[in-house]
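Everything on this sheet refers to the single structure shown next.
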Amino acid sequence: MHFCLMYQTLKDLCEVFAPSGDESRMKDFLLDYISKNQSEWVVQPEIIAGDEWHDNVILVFGEPRTAIFAHIDSIGFTVRYENQLVPIGGPDVQSGYFLRGEDSKGEILCRLEMNKEGNLFYHFGRAIDRGTNLVFESNFRETDEYVQSCYLDNRLGVLNALKVAETLENGIIVFSTREEHGGGAVPQVAKFIYEKYGVRQALISDITWVTDGVHHGKGVAISMRDRGLPRRTWLNRILKYATDSGIAYQLEIEGSGSSDARELQESDYPFDWCFIGAPEDHVHSPEEKVFKFDFESMINMYQYLMKKL
Amino acid sequence: MHFCLMYQTLKDLCEVFAPSGDESRMKDFLLDYISKNQSEWVVQPEIIAGDEWHDNVILVFGEPRTAIFAHIDSIGFTVRYENQLVPIGGPDVQSGYFLRGEDSKGEILCRLEMNKEGNLFYHFGRAIDRGTNLVFESNFRETDEYVQSCYLDNRLGVLNALKVAETLENGIIVFSTREEHGGGAVPQVAKFIYEKYGVRQALISDITWVTDGVHHGKGVAISMRDRGLPRRTWLNRILKYATDSGIAYQLEIEGSGSSDARELQESDYPFDWCFIGAPEDHVHSPEEKVFKFDFESMINMYQYLMKKL
Amino acid sequence: MHFCLMYQTLKDLCEVFAPSGDESRMKDFLLDYISKNQSEWVVQPEIIAGDEWHDNVILVFGEPRTAIFAHIDSIGFTVRYENQLVPIGGPDVQSGYFLRGEDSKGEILCRLEMNKEGNLFYHFGRAIDRGTNLVFESNFRETDEYVQSCYLDNRLGVLNALKVAETLENGIIVFSTREEHGGGAVPQVAKFIYEKYGVRQALISDITWVTDGVHHGKGVAISMRDRGLPRRTWLNRILKYATDSGIAYQLEIEGSGSSDARELQESDYPFDWCFIGAPEDHVHSPEEKVFKFDFESMINMYQYLMKKL
C-alpha cells in the first residue's frame, strides 16, 4: 500500500458507521479489505471471526508473541424520546455538528443541538425512530502535513494495524469492539490468545491527545501511564527498544484516560501492555487532527517492536 | 398458578429479607417454592445450588439456548456506629420510612431519619447491634390495576421467572445475588452456563423506570440501552420477535442505569443480553408501583422469546 | 522472629521502593527474606513467582483451605511534564512532604508542593526524568506503644503474613500487587488458587482507618463491610470464631473503601472474603500510625482463624 493509497483507505475507514455495540459494518469492511489485500502480505494470517466473536476480528500470524489491539468502534449518539439524544462514549458536543444514520424511514443527516443545561437534541425535518444510532458526518481532509476528520480515533489505529499486517511474520492483530463505551469485548479475546497461543504482551494501537507535553510533529507517543500503569520493568524494555530504533517518539504521562489495556490488566491473565499511538487534537470531535509524521512514526515503531518483543 | 395466587406469591416474595450479600433467606424461600411447585411444571429442571454457589440458584430446563437472570437481592441499610446507617445499594431515603431487621436482642421495627447533610440514622427504642442489616418494612397493596410495595424491584422479576418456569421446555433460569450493590455474583454463573451448556444469550428479568418515554399500562419495556449497550444486531432480532408476538411492549432508551447485564458484557464469554421488564415509579422506595398489565405482558413476552431465541 | 526483630523488619519493609505497577524491588526483598527465614518455619511452602506472575508472590503451605492476601504496593507519584506530578493511588498531599526516587541522573530527594488548584509539583535542584516514580521518604519511628511511618499500609499487612507464615501448616499467602491503583493483579491469582487448590476463602491482610467507631488500642478491626459486602453467612462464622478466640477485636462498618477483596468478589470464582486489619490514622500520609497492641492482635487473630476456617 503506497502512502497515497493509505490515506484513501483512511478516508474509507472514517466513513464506516460503527458506534460502540453496533460495529457489524466495520467488521464486514475489514473482512472484505483483508480478503482483497492479504495475498500481498508476507504471511497469510489465520482469520478468527464469526458470531461467537460478535464483531471482533482476530488475525494470527506465524508464531505470535505479542498482540496489537486496535479498537474499531467510535463514539456517537442514540435517539431517545422526542428529539432527545443520549451519548455513546464521550463525544465532544457542540451545536451545529452534523450527524448521520438511518432508520426505518430512510437515511438521516441532521444537526446536533445542546441546550444550556447540557442536554442533547437532534434537529431534523422529521421524527427519528427511537433507538436509532447516529455518528458524526464524515468530512475528511488531507494536506501534506496532516489529516483531519472525525474518528481518526481510532481509524488510524486500525490503519496502523493493517499496515503492520503487510510485513508481520509473527504476531496477533485484534480488531476490538466497544472500547469507547466501557469495554466488555476484550476479556474474551484475552482469554483466547493467552490460552491458545500463550500471548501475554500487548501493544495498544490507539490515538492519544496533544497536551502540554505531547506535541504534533514530534513522533509517536509512547504512554508511560494514563489512568492505568503498565508494569514498569516491561515498560523499560519497550523504552530501550524505542530508543535503539532511532524512530521519532515522545513520552506521555497522564493521570486519566484509559484504553483496551484496562481490560487486559483486569483480566485473569498476566498481560503486559503499552499504549503507543500518534497524538491528536480536537479529541472526539469532527475535527480530530493528526500529523502524518507522527502516524508514520507509529507504523515504523510497531513494525520494529513486533520484531523485537 | 392462577393470577390471584400469583400476586399472593408476590406478596410473600416482597416480605423476604434479602439485602445484597445477605440473601440466604431468599435462597431458602426459592428452593422451598420450587420443591413444592415443580411437579406441576412441564419440564423438571436440574437445580444447581449449594455453598459453592453462595446464595445463587440456577435451574436448567431441557437443552438451553437462553438464560433468564432475575436478581433476588434488595437495597437496604447497615447499622454503623451509634445510630448511624450506611446504605446497601441506592435506596430512596426519606425520614419516616419503616425499616425492619433482627439482631442479638430480637426483632427490630424502626424509623429511618435523614438529616440536612444527607446522613442516615435509625430511630428506635434501643441500640441496634453494629453491622445489623435492615430493609424496608413490607406494606403490600394490590388493586385491579396495579401492585405497590417495596421491592417490586426485583421480586416481580423473580416472579416472572417462576411463572415462565411453569411452561419452559428449554432454557436456564438464574436467581442471582448482589445486583443492587455492585454485583460480583454473575461472573461465576456466566462461566458455568457458557462452558457447560454453550449458552450465551441472556434476558434480564428486572424492573425499570417510568420516564417521559416509558409509561404505565403500555406493556413491558424492552430496553434498547441503558449505561450498557446490547449488541445491535442481536437487539434487532429481539425487536423483530417482539413485534411478531403481538404482545404489548414499549421501547426504552436510557444513558444510565445498569443490571446483571453489565457483568455478562464484561465476562470472558460472548454473551448477548437484553433487559426486558415492566416499568415502575417510586423506584427503590417503599412505594414501588407497577401496573399488572405491564407485568403480565412481561410474562407473555418471556414465554414467547424463550421459545424463539 | 522476636518482637524487637519484627519491628526492625517492618522498618526495612517501609523503606522498600514499590509504588503500584513498580513492585519488582519488593518482590526481590520478599524472595530474599523467605529464602533466609523459611528454614525456621514449621512448614516449608511451595513458592510461586516469576515473570508469568509479574511481581506477585504466592506461598502454598500444606493443604490450603484459606488464602491471606497482603498487597505489597504503595501509593506514590509519577513525574509528568515540567515539574508536575501525577498521583499513584490516593496519597495524602501536603506541601513539604519529602519524596524520593531515582532517574537516569541519580538519586532524588525532593519536596512535594501543591498549589491552590490542587495541582502537584516537585521542588528539586534539577529536572527529573519524565515518568520517574517517587514515593514518600521513609521516616520510621517506634515507641513502646506504637509505630509510625509512611507505608504502614500495607507493610504491616505484609509483616503480618510473614509472621503467620512461621507457624502456618495449611494455607496460602499471596503477596499481591497494584492494590492501591485500581487493582488488576488479583484475578490471575484467584483463578489459580481456586482451580489448583479449590481455595475460595480469603482473609485480606491490610490496614484500615481509625474512625468514630474504630479506635487505637482496642484490637484488630474485623470489617463487616466497606464498599464491598462480605457474604453475611460466612461473616457470621468468622465473628463466632473471633469471639471464641478471646483475642481483642473491634467491628468496623463503612460505606466506602475497598481492597483486594473487590477483585475476589468480581472474579469468576465463589470467593468468600473478610478484611481483617489493624487501624491507623493519618492514612496514606508519611505519618501513618498504628498501635502495637492492635497489630499484635492482628497476628494472633490470623493465626487462630487460619487453623479454624
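Amide H contacts of B:Thr66 (H built 1.01 Å from N, in plane; Pro and chain starts excluded): B:Ile172 sit under 5 Å, all sequence-distant by 5 or more or on other chains.
Given +1 at the Cβ of Lys and Arg, -1 at the Cβ of Asp and Glu and no other charges, the dipole of chain B around its Cα centre is 600 debye to the nearest 20. Applying both filters, DSSP loop and at most 12 other Cβ atoms within 10 Å, to the trypsin sites (Lys or Arg not before Pro) of the stretch C:36-127 gives C:Lys105, C:Lys116, C:Arg126.
Using every pair of separate Cα atoms, the Kirkwood estimate puts the hydrodynamic radius of the stretch C:107-197 at 17.3 angstrom. Given R0 = 56 Å, the distance between the Cβ atoms of B:Glu46 and C:Arg126 translates into a calculated FRET efficiency of 0.20.
A 1.4 Å probe run over chain B, with the rest of the protein chains in place, finds 35 Å² accessible per residue. Shown in residue order for the stretch A:93-100 are the 3J(HN,Hα) couplings computed by the Karplus curve 6.51 cos²θ - 1.76 cosθ + 1.60 at θ = phi - 60°: 10, 9, 4, x, 4, 8, 10, 9 Hz (x for Gly and Pro). For the stretch A:151-184, the residues whose backbone nitrogen is under 15 Å from a point 7 Å from the Cα of A:Glu63, taken along Cα to Cβ, are A:169-172.
Between the amide H of B:Arg231 and those of B:Trp273, distances stay under 5 Å, these residues lying 5 or more places away or on another chain, with hydrogens modeled in the peptide plane.
Largest GNM mean-square fluctuation across C:Asp206, C:Asp260, C:Asp22, computed for chain C with C-alpha springs under 10 Å, falls on C:Asp22.
What distance in nm separates the simple spin-label points at B:Cys4 and B:Ser104, each placed 7 Å from Cα in the Cβ direction? Here the answer is 4.8 nm between the modelled labels. Sorted from longest to shortest, the spans of the Cα atoms of the stretch B:77-136 along the three principal axes equal 30, 19, 18 Å. Bridges between two residues of the protein assembly as shown, per DSSP, are antiparallel at a rate of about 65%.
The DSSP beta bridges internal to chain C are antiparallel in roughly 65% of cases.
With its label point put 7 Å out from Cα toward Cβ, B:Thr143 sits 6.8, 6.8 nm from the same residue's point in the other copies, in order from shortest. Cα extents for the stretch A:159-280 along the principal axes, largest to smallest and rounded to whole angstrom: 38, 32, 29. Other residues with beta-carbon under 14 Å from the beta-carbon of A:Phe192 carry, at +1 per Lys or Arg and -1 per Asp or Glu, a net charge of -4. Okay, which of the stretch C:238-271 sit inside 19 Å, backbone N to the point 7 Å along the Cα-Cβ direction of C:His215? Under 19 Å, as judged by backbone N against the label point of C:His215, lie C:247-254 of the stretch C:238-271.
Only loop residues by DSSP count here, and only those with at most 14 other Cβ atoms within 10 Å; note down the GluC sites (Glu not before Pro) in the stretch A:85-179 that meet that. For GluC sites (Glu not before Pro) across the stretch A:85-179 that sit outside H, G, I, E and B with at most 14 neighbouring Cβ atoms in 10 Å, the list reads A:Glu117, A:Glu145, A:Glu169.
Sorted shortest first, the distances from the B:Gly118 label point to those of the same residue in the other copies are 1.5, 1.5 nm; each point sits 7 Å from Cα along Cα-to-Cβ. Each chain gives up part of its surface: C and A jointly bury about 2400 Å² of accessible area, both sides summed, for a 1.4 Å probe.
Nearest 0.05, what FRET efficiency do B:Asn139 and C:Asp12 give at R0 = 51 Å with Cβ-Cβ as r? Once the sixth-power term is evaluated, E becomes 0.25. Averaged over the residues of peptide A:74-86, the number of Cβ atoms from other protein chains lying within 10 Å of each residue's Cβ is 3.
Expressed in Å, the radius of gyration and Dmax of the Cα atoms of chain B are 18.9, 59. Remark: the stretch C:44-55, residue by residue, has Karplus-estimated 3J(HN,Hα) of 7, x, 6, 10, 10, 7, x, 4, 5, 10, 6, 9 Hz, where x stands for each Gly or Pro and the curve is 6.51 cos²θ - 1.76 cosθ + 1.60 at θ = phi - 60°. For the stretch A:77-136, the relative contact order comes to 42 percent (Cα pairs under 8 Å, sequence separation of at least 6). Dipole check for the stretch C:77-136: with +1 at the C-beta of Lys and Arg, -1 at the C-beta of Asp and Glu, and the Cα centre as origin, the magnitude is about 80 Debye. Give, rounded to the nearest 20 debye, the magnitude of the charge dipole that the stretch B:10-89 has about its Cα centre when Lys and Arg contribute +1 at Cβ and Asp and Glu contribute -1 at Cβ. Dipole of the stretch B:10-89, to the nearest 20 debye: 200 debye. Copy-to-copy label distances for B:Glu102, where each label lies 7 Å from Cα along Cα-to-Cβ, are 6.1, 6.1 nm in order of increasing length.
Length available on full extension from A:Arg237 to A:Ser95: 0.36 nm per residue minus the Cα-Cα distance, which gives 46.6 nm.
The values are calculated or read from the model by the stated rules, or taken from the named source; none is laboratory data. Remember, predicted model here, so these are calculated numbers, not experimental data. So basically every Cβ, Gly included, is an ideal-geometry build from the backbone, and we count neighbours across all protein chains shown. What goes into the accessible areas is simple: the full protein's heavy atoms, side chains included, and nothing from ligands, DNA or RNA. Shrake-Rupley method; radii C 1.70, N 1.55, O 1.52, S 1.80 Å.
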